[in-house]
Each structure stands twice: as structure tokens, then as C-alpha cells.
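Contents: one structure, followed by commentary.
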Amino acid sequence: MNMGPDVSGNSILPKGAMTMSSSNCMRRVTGAIAALGTLLVSMTAAANPVPWQMNLPKGVTPISHEIWDLHMAALWVCVVLGIVVFGAMFIAIFRFRKSKGAVAATWTHNTKMEFAWTLVPVLILIGLATPATIITRNMYNATDAEMTVKVTGYQWLWRYDYISYDGKPVTKVPTIWSRLGWDSNRARQLDSGISPWSVVDKQTGYHDYLLDVTEPLVIPAGVKVRFLITADDVIHGWWVPDFAAKRDALPGIMNDAWAKVDQPGIYRGQCYVLCGQDHSAMPIVVKVLPRDQFNAWLAARENPAALDKAARTAEVTPQKSGPEPAKG
Amino acid sequence: MSSTAQAVHYEEHHQSWFERWFMSTNHKDIGTLYLSFSFLMLFVGGSMAMLIRAELFEPGMQLMQPYFFNELTSMHGLVMIFGVIMPSFVGLANWMIPMQVGAPDMALPRLNNLSFWILPFAFILLLSTFFMPGGAPAAGWTMYPPLVLQGGEAIAFMIFAIHLMGISSILGSINIIATILNMRAPGVDLLKMPMFCWSWLITSFLVIAVMPVLAGAVTMMLFDRFFGTNFFNAAAGGDSVMYQHVFWFFGHPEVYIMILPAFGIISEIVPTFARKPLFGYKAMVYAIACIAFLSFIVWAHHMFTVGMPLGGEVFFMFSTMLIAVPTGVKIFNWVTTMWKGSLSFEVPMLWAIGFIVLFSIGGFSGVMMALVPADFQYYGTYFIVAHFHYVLVGGALFSIIGAVYYWLPKWSGNMYSSFWGKLHFWSSVISVNVLFFPQQFLGFAGMPRRIPDYNVAFADWNMVSSIGGFWFGATQLVFVGVVIHCVFFSKQKATSRVWEHAYGLEWTLPSPAPHHSFTVPPVIDDSQLAHGDVTH
């Protein structure tokens, strides 16, 4: 099981022939126990999805933390209101039973009560909506980004273009074509005979079925990155839950979102707007590298030939031209 | 009762079977047709749900190609919304409104016949798309362009079917408004009407206001797909977001079209079995009116991540949260109606209590997703799926089933087996939570909706959810048995009152109710009305 994002590097290469797992059930039971243990310790760990997960990830950006706090506040408000309302109802159900000889009262209104249960919800809602408004304003503030990446959704892959970094336009870095990893792609075919549990990230051990890509987006840690999000054919949705960066990718419209990730690691998400038959097969993987490693990686991308091999430790994949955007 | 005029029974009409079931203009027969049709559609749409849950039972693709899965989710939504929830509420309105306002029939009986008979043809058109080249529409029930425009010729059938359903709903609503405003017996003032009539009066105006909007949206889609226009094609200056705004301007009031009549039903059932008048009758009426108004100014909360300006996000967040206030009033009033009552728990009451709990859970998740930043993490995930299934299955469908259990003895003249009714309830209320509660966890964990295959981390809760789904689906077969037994085989005759504390004009009629409900206006005794003595 994945115990959180990791920085161990080269994880996206094809992993060779997969074999059918013969012990899915055992694996799942033991996996579930292990995961439950992890969950009990830290239900909210910044992590990619784990079995039996029951709550939002806390995420790794300031915005995702604010949202998580708001989410928990709203959740607890709902739990308390639920206890009050259902509690009152079940007390009524057990106390005022005809079978216990209860005689019905005849009153039908109580102005004070009605006033109270109109006003109190208004106050609670204002109490939730006010911080929500502040967070929304922060989410909409993509100014002062040190880096801009353009994200384009296609049926069924993502294209990433670096636009600017550190105040300078980025022109020589090749486009990243990020499509479903080959292992997942083989396993997901109808009657493939390949178990989804056999698709594993070799470096991290994470079961990354349908969450692995041929080549991830790479961004530096500690840098405010602005994502310009659009689409080329139908509507897609770009979302990394741990960043709380999410926006519809609409043809003809450029949306933006931003994230400042301090913790290096591999973060995974999925397209969230129905985009056709392979909607479930266009994951998003973002690899966050420490800034110096990222700079080395970027330099290598700009001019792979001029670099010493040793400087390419942070390289993610061998250079190869990405696939053409597939249509239909 | 004494106020009832000479009952004119069906037998006296000498209609043939064909005349009765295909040419009828009688509100009860048409109500039966509506309810039977939606019952059939419940199993059509339910079969699709079973296939969906079967494919989602485990990760990996086992049963179908992904495109067929998308056809199933899209058609499941369209069938359940337009083929089950809406027609069954119209069916209940047909049966109950003339009896509740003291009228002989609906105001416009021939229109009534037409509005029903459009529906089977609409659904034959819609369901036939499964057998067409290119398959059924597969862009979700929301039919967002540009994706929907990639569909085959079937799109034209879907659009025409939606036009027909819209016409059917509008005609039905006109009829309900005309009946309520013109056919009330002397003494049945608007503010003495049963809540069910009130909820349908307001719902009817929503239907008339928004179904043409949907018709407009799908007509633009039709022109884009077949006649070369570019309303939604960005490459030619169109805007796919415009479709979303137009669609949800219809879609949000549509949500309330599917829940306001449920509020009416619950407001009838709870006082009967609490043996205590409905708490805050007028507040209940105003709350429904208030919800109906607000439903027109909240639509963009379905599209918070679309890239609206900040001001738009905040406006729609506040207007959405405002809806929680009148909705809360309704919940509080039902609970207070039970407080200091003399409760008994016959089958309809169980379903009403189930409704209150499940609908509230759906309402709570609704409040959470009204918060814009939180919705960014929820949007497009299974949390949304769980939310609207709690309000539509646990809410609307539970209220419909409760209504059938409440009024079936009045319709058929026979009592049903309360053992099987209770078994149906307990099995449903447990399985529906096994089905939908884990979907909230899946949504939090980040599982997108509308996917046929998923990462193994989502496997366990999906398997739990699927087990709940099969259980819930199988349980509904009990309902078929109970209804068929009650109508055709039950030996236990129902009294005219049926339930000890049931008030309202429908209970003054014999069971089964005569063919023409009130051939002369009943003389109203306020104590016989459900809300005859409203002092506040």
C-alpha cells in the first residue's frame, strides 16, 4: 500500500509482461487490514487513494488544507444537526407511541420555536459560508505565479506545455504527452486476463492501476504554479485532489488553477468530466521535484545532448516523442 | 360518508377492457396507467443499474465495453427521472387530487388521456436507441455537448423523446393547475387543501416554467448535430458552457419537481399516524413556495468548477445555502408533528420516517457541496452520486412507495399484507444505505463518477456498494408481489377511512373509490379535512 507520496523517481517505465494474480482476495484482505491500520493512525494523510479510505485527503497545498478544514467543519455541523434532528425524532418515536398509551396533543404551532429554527440555521450557514468565501477568493488568486503550465485535455490523454518559469518564457522544452500507462492499458481491456492488482508502481509499490501515465507532468516544489487548463475536443476535467487544483477543461475556453506544493512526491488524479468511452483511462500524474532537481531536469529537457549523464539523476523518462493525440 | 353523492361505479359504464385502458378519460384509470407505466420503468431503469453495479463490482472490465457502460448510465438517468419519478408523481396526482379537492374528475379529462399516452411512445423511441447503429446516447443524462454530438443518429431519437416527455409533463401540469384552481368543492379553500395538492400546485408551475427551457436546449443540440449550426461548437464561436447554463436553469427546478410532491406526501402520512394535525401548515406551504422560487436562482451550483467569475461562485453559494432554511423548516415541522403525538407504525409511516432520515442525509451532503471550495473537491465524484441518490431514491422513491402503501387500500378496496410491506421497508432501508453510504467514502477518496473501471484502492467500497445494490434491487420484487396480491387476491376489505386518524375528503369516499369521485360537490365539514382548522 502506498503510505504517502514518494520521491524515489523513475516509476513510469513500462514494466514488462504482467501475470494474473491468483490471490486477489488474500491480497485484498491483508491489504485492507494494513490500510485500515494506516487510516486509523492518520485518516487524513496526504496520499493517493488507499483501500477503505473514508475521507478527503488533507492534501499538500495551503488551499487543500483550508478546504479540508472547511470540509471537516461542515461535516461535523451536519453530524451534530443529524444527531439533534434524528435524536428528537427517535425520542418521539419511542416516547409517544400509541401502544404505550400516548394521547396526542392538538397544538399545531409554536412561534418561538419556528423563529428559532429559521434563524439558527441561517447563522450556521453564514458561519460556514464566510470562510468558504475567503477560501474561494484565495483559490481564484493565481497572481504572482512563478511558473505557468498549459494543460490540454484530449480524448483520452493530457498534453502539458511549459509556458514560463522564473520570469522567463520556456520555449525549448518539448511538450509532454501524458496518457494511460501501458500496463494499465493492457489490463483494462475487456477479458484481458490481467489482474488490476498486478499493476504496480515498481518504485513505490503503489497499486497504480488506471492511475499511471506514460509520462507525468513534472513541477518544482515550493513554487507557485499556475495551470492554464483547456481542451481540444470535448470537455474534460483536470484535478489533482492533493493539490485541490481542479478546473473544467473546456474547448475554446482557458481556465486557470494554481498550486504551490512544498512536499516533493508523486500525486495522482483523474479526469472528472465524462469525456467518452475512455473517460476512466486518462489519469493525471504530477511529479513534484525539489527545486534544484527540477532545474536539472528542465535543463536536460531543453538540451538533452549537452548534459552529462550524471546530471540527469532526476530524469523521469527517457526522451521519446509522445504519441499523437488520438481522435475517436 | 354522508357527503358523498351517489357513487357511480365503473361496472355501470359497460366499457370494454380496451376502451377502459386505452381510451379512458377517467382520472383513476389514467392514474393507474401512469403508476403502472412508472412501475415498469422502475424495473427497466433498475435493470440498467444492476448491470452498472455488476460491472463496478470489481476493478477491471468484466462484462461490457466502456462505451456501453456510458450508454447504461445515461439511459438509467433519463429513464429514472423522466420515466419513473415524474410519471409516478403525476399518477398519484391523478388519483388523489380530484378526490382531495372534492371533484368528480380532473378538469381536462381528454388532455389527461393525451398526456399519458404520449409517454409510452416517448420511451419506445428512447429505449429503441439501444438497438441502433452507434448505440444509445452515452454522454450522461445531462447530455453535455460537445461529447453528446459525437453520438450517432440515436441523438435525434433521444431529443424527440425528450420533447415528447416535456409536452406530456406540461399538459399534465396544466391539468393539475386547472383542477386545483377550478374544481375545488365549495369550502375547500386553498389554505385548507391537503399539502399534497399544494405541493403539486407549485410543482406544476415549475414544470411549465422549465420544461420549455430543456426543449430549447435540446433543440439547439439537434440543430448543431444535424443542421450545421454551432451553438455549442467553440471552433465556430459557439460555447459549450452556455448549454450547461441553459440545461441547469431547467435542471435545478427539475430537482424540486422531483421532490416537492414528496414533501406533500410525507406531510399527509406523518399527521395520520401521529394522530396529531400537521405542525405549521402554513409554514409548510410557504416553505414549498420559497423553495420553488429559490430553485430558479441556484442553477450554477452544478457547475462551480466551470470557471465562473468569483462573484458568480459566491452568489450561487449563498443562494444555494439559503434553500437549506425552508427545507430545514419542513424537516423540523415533520419531527414536531410527531412530538407529543400518539404514534403507530403502519407501513406508510415507516416509509415516511425512512424518507425523513434518508432525505436529511442527502440534504446534509447538499449543504456540504454548496460550499464552493469544498465542492471543488467533491464535484464530479461519487460523493455527488451518493448525494442525489439519497434524495432521489431515499427521498422521492421512498415517498412514492409510501404513498402507494398509504392510498392503495383506497384505490383497490383491499388491504395488503402488512408483514410483507414491513419486510419490504426494512430490507429497502438497510440495503439502500449499504448501496449509497459507501459511495460517499468513494467520492471523498477521489473516485470520479461515470467510470466503468477504477483503481484497486476503490475496490472494497465498490464491492460493498454493489452488494447493497443487488440487495435493494431484489427487494423491490417484494413490492411487485405485495401490490399484485393486494389488488387481485387480497380477501381483507379496506374500510372507507382505512387508517384510524386519516382525514381529508378522499377518506370520506368508499374503498374502492367510485369511478367518478364526487359527482355532486360534497358538503364540507371542516373536521373531516386534513387541515380544516388552520388558525395560524
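The values are calculated or read from the model by the stated rules, or taken from the named source; none is laboratory data. Remember, predicted model here, so these are calculated numbers, not experimental data. Cβ atoms come from the backbone with ideal geometry, glycine included; neighbour counts cover every protein chain shown.
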Output yes when any residue across the stretch B:262-272 is assigned to a helix (DSSP H, G or I) and free of Cβ contacts under 8 Å to residues at least 24 places away in the same chain, and no when none is. no
In the stretch B:358-451, which helices (runs of 4 or more DSSP H) lie fully inside it and hold 2 or more residues that are within 14 Å of chain A (Cβ to nearest Cβ) and of a type in the set (A, V, I, L, M, F, W, C)? B:372-378, B:382-389, B:418-445
Can you tell which of B:Phe376, B:Phe398, B:Phe437, B:Phe419 is touching a Phe, Trp or Tyr at 6+ places or on another chain (Cβ under 6 Å) and among the aromatic types (Phe, Trp, Tyr)? B:Phe398
Specify which of the listed residues (B:Met284, B:Met308) is more than 19 Å from B:Phe249 (Cα to Cα) and more than 9 Å from chain A (Cβ to nearest Cβ). B:Met284
Look at B:Phe279 and say whether it is of a type in the set (Phe, Trp, Tyr), surrounded by 23 or more Cβ atoms within 10 Å (Cβ to Cβ) and within 11 Å of another protein chain (Cβ to nearest Cβ). yes
Would you check if B:Gly140 is touching a residue at least 12 places away in the same chain (Cβ under 8 Å), among the small types (Gly, Ala, Ser) and in contact with a Leu (Cβ under 6 Å, 6 or more places away or on another chain)? yes
At the interface with chain B (Cβ under 7 Å from one of its Cβ atoms), not in a strand (DSSP E or B) and not acidic (Asp, Glu) - does that describe any residue in the stretch A:217-227? no
Select from the stretch B:72-103 the residues that are out of contact with any helix residue (DSSP H, G or I) (no Cβ under 7 Å at 6 or more places or on another chain) and either crowded, with 24+ Cβ neighbours inside 10 Å or not in a helix (DSSP H, G or I) (or both) and list them in ascending order. B:Ser74
When the stretch B:148-167 is examined, which residues are found to be of a type outside the set (A, V, I, L, M, F, W, C) and assigned to a helix (DSSP H, G or I)? B:Gln150, B:His163, B:Gly166
I'd like the residue in the stretch B:67-81 that is over 21 Å from A:Gln155 (Cβ atoms) and not β-branched (Val, Ile, Thr) and, out of all such residues, is farthest from the other protein chains (Cβ to nearest Cβ). B:Met80
More than 8 Å from chain B (Cβ to nearest Cβ), on the phi > 0 side of the Ramachandran plot, touching a strand residue (DSSP E or B) at 6+ places or on another chain (Cβ under 9 Å) and touching a residue at least 40 places away in the same chain (Cβ under 8 Å) - does that describe any residue in the stretch A:152-165? no
Have a look at B:Leu191, B:Leu214, B:Leu201 and point out the one that is in a helix (DSSP H, G or I) and either on the phi > 0 side of the Ramachandran plot or out of contact with any helix residue (DSSP H, G or I) (no Cβ under 6 Å at 6 or more places or on another chain) (or both). B:Leu191
Which listed residue, of B:Val314, B:Val298, is within 9 Å of chain A (Cβ to nearest Cβ), modelled with pLDDT of 95 or more and farther than 17 Å from A:Met89 by Cβ: B:Val314
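Rundown of residues vs (1) assigned to a strand (DSSP E or B); (2) of a type in the set (Ser, Thr, Tyr), yes/no style:
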{"site": "A:Lys246", "(1), (2)": "yes, no"}
{"site": "A:Ile253", "(1), (2)": "no, no"}
{"site": "A:Tyr267", "(1), (2)": "yes, yes"}
{"site": "A:Val285", "(1), (2)": "yes, no"}
{"site": "A:Gln293", "(1), (2)": "no, no"}
{"site": "A:Ala299", "(1), (2)": "no, no"}
Could you please let me know if B:Leu171 is assigned to a helix (DSSP H, G or I) and surrounded by fewer than 22 Cβ atoms within 10 Å (Cβ to Cβ)? yes
All positions within the stretch B:121-137 that are surrounded by fewer than 22 Cβ atoms within 10 Å (Cβ to Cβ) and either in contact (Cβ under 8 Å) with a residue 60 or more places away in the chain or assigned to a loop (DSSP other than H, G, I, E, B) (or both): B:Leu127, B:Met132, B:Pro133, B:Gly134, B:Gly135
Kindly indicate the residue of the stretch B:157-202 that is β-branched (Val, Ile, Thr) and under 17 Å from the mean Cα position of the chain (by Cα) and also nearest to B:Ala122 (Cα to Cα) among those meeting that condition. B:Ile162
Based on what the data block shows, is A:Ala259 touching a His at 6+ places or on another chain (Cβ under 7 Å) and more than 7 Å from chain B (Cβ to nearest Cβ)? no
I'm told A:Asp201 meets every condition in (1) surrounded by 22 or more Cβ atoms within 10 Å (Cβ to Cβ); (2) more than 20 Å from the chain's Cα centre (by Cα) except one. Can you identify the failing condition by its number? (2)
